[in-house]
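For reference, the structure is listed below as structure tokens.
The values are calculated or read from the model by the stated rules, or taken from the named source; none is laboratory data. Note that the coordinates shown come from a computational prediction; the quantities given were computed from them, not determined experimentally. When we count neighbours, we look across all protein chains shown, and the Cβ atoms used for this are built from the backbone with ideal geometry, even at glycine.
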Amino acid sequence: MIYLADMFLFDGPVKAKATLLLAHGAGAPMDSAAMTAIAKAFAAVDLRVARFEFGYMASRRTAAGRKPPPRAEKLTGEYIAAIDALAAEGTLVIGGKSMGGRVASMVADDLYAQRRIAGLLCLGYPFHPVGKPEQLRTAHLATMKTPTLIAQGTRDPFGTRDEVAGYELSKHIEIVWLEDGDHDLKPRKAMSGFSAADHLATLGKAVSAWVDGLK
């Protein structure tokens, strides 16, 4: 079931075991093909998904035209505003695709300490800009207190499995690696033997099991 209510796009049952609040990546909206496929995969395992857009992306749907994304740090207030507006009952996990997950990671620990959220879910975390592995975006990940699950493709140009193996990450962070997955978690079937549907099914089961373990 999909429906719009104010600023959100919802999938999955209203009375689910948890709600996942997900923001989009830097260049694609909340209803992109990748975000929609991921939301459906979570809805299929009885998780409620609420997608939302940052202001710069929402403005692209109007006559205001195409605005570039601001720095991730400047979007934290909008993320918190989305949490307030959602007013989810029960278990709430925040996160998002790429930049959306990064922004959520910047506010997660404060919210977790306040018991407003139960966890953080990052889908294709942008550990560094493409082609610039020296410009790491991991400093705060070393000290994360929030239970965190990162789903990452092994050939993601924003952080491959070999690269991430060398990073200092908090013990509260778990990573689900999707073989041959790109930044949208999609594999090359001929190379990996997996399809996009296979990875989405694996992702849904992994996230559902992880949510069951949150306190």
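Given (1) in contact (Cβ under 8 Å) with a residue 60 or more places away in the chain; (2) touching a helix residue (DSSP H, G or I) at 6+ places or on another chain (Cβ under 6 Å); (3) not charged (D, E, K, R), identify the lone condition not met by residue 86.
(2)
Listed here are the residues, each with its yes/no results for (1) farther than 26 Å from residue 47 by Cα; (2) in contact with a Phe, Trp or Tyr (Cβ under 6 Å, 6 or more places away or on another chain).
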| site | (1), (2) |
| --- | --- |
| 151 | no, no |
| 159 | yes, yes |
| 165 | yes, no |
| 176 | no, no |
| 202 | no, no |
| 210 | no, no |
| 213 | no, no |
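For the stretch 96-105, state whether one or more residues are in contact (Cβ under 8 Å) with a residue 40 or more places away in the chain, over 16 Å from the mean Cα position of the chain (by Cα) and surrounded by 15 or more Cβ atoms within 10 Å (Cβ to Cβ).
Within the stretch 96-105 (the criterion being in contact (Cβ under 8 Å) with a residue 40 or more places away in the chain, over 16 Å from the mean Cα position of the chain (by Cα) and surrounded by 15 or more Cβ atoms within 10 Å (Cβ to Cβ)), the answer is no, since none of the residues qualifies.
Between a residue in the stretch 132-153 that is more than 24 Å from residue 205 (Cα to Cα) and any residue that is surrounded by fewer than 13 Cβ atoms within 10 Å (Cβ to Cβ), which pairs come within a Cβ distance under 6 Å, given they are 6 or more apart or on different chains?
142/168
With respect to the numbered conditions (1) β-branched (Val, Ile, Thr); (2) in a helix (DSSP H, G or I); (3) surrounded by fewer than 20 Cβ atoms within 10 Å (Cβ to Cβ), which one is the sole condition not fulfilled by residue 130?
Here residue 130 meets the rest and fails (2).
Could you name every one of the strands (runs of 3 or more DSSP E) located completely within the stretch 1-87 that has at least 2 residues being within 20 Å of residue 124 (Cα to Cα)?
Filter on the stretch 1-87 gives 19-23, 48-52.
Can you find, within the stretch 157-191, the residue that is surrounded by the most Cβ atoms within 10 Å (Cβ to Cβ) among those that are among the acidic types (Asp, Glu) and part of a loop (DSSP other than H, G, I, E, B)?
The qualifying residue surrounded by the most Cβ atoms within 10 Å (Cβ to Cβ) is 184.
Starting from the stretch 65-83, keep only residues that are within 13 Å of residue 105 (Cα to Cα) and surrounded by 13 or more Cβ atoms within 10 Å (Cβ to Cβ), then list their pairs with residues that are of a type in the set (Gly, Ala, Ser) and at pLDDT below 95 whose Cβ atoms are within a distance under 9 Å, requiring at least 6 positions of separation or different chains.
Pairs found: 75/55.
Tell me whether the stretch 134-154 contains one or more residues that are part of a loop (DSSP other than H, G, I, E, B), at pLDDT 95 or above, within 18 Å of the chain's Cα centre (by Cα) and more than 27 Å from residue 109 (Cβ to Cβ).
Yes, the stretch 134-154 contains a residue that is part of a loop (DSSP other than H, G, I, E, B), at pLDDT 95 or above, within 18 Å of the chain's Cα centre (by Cα) and more than 27 Å from residue 109 (Cβ to Cβ).
Restricting attention to the stretch 133-150, which residues are surrounded by fewer than 15 Cβ atoms within 10 Å (Cβ to Cβ) and either among the basic types (Lys, Arg) or closer than 14 Å to residue 94 by Cβ (or both)?
Within the stretch 133-150, 145 is the sole residue that qualifies.
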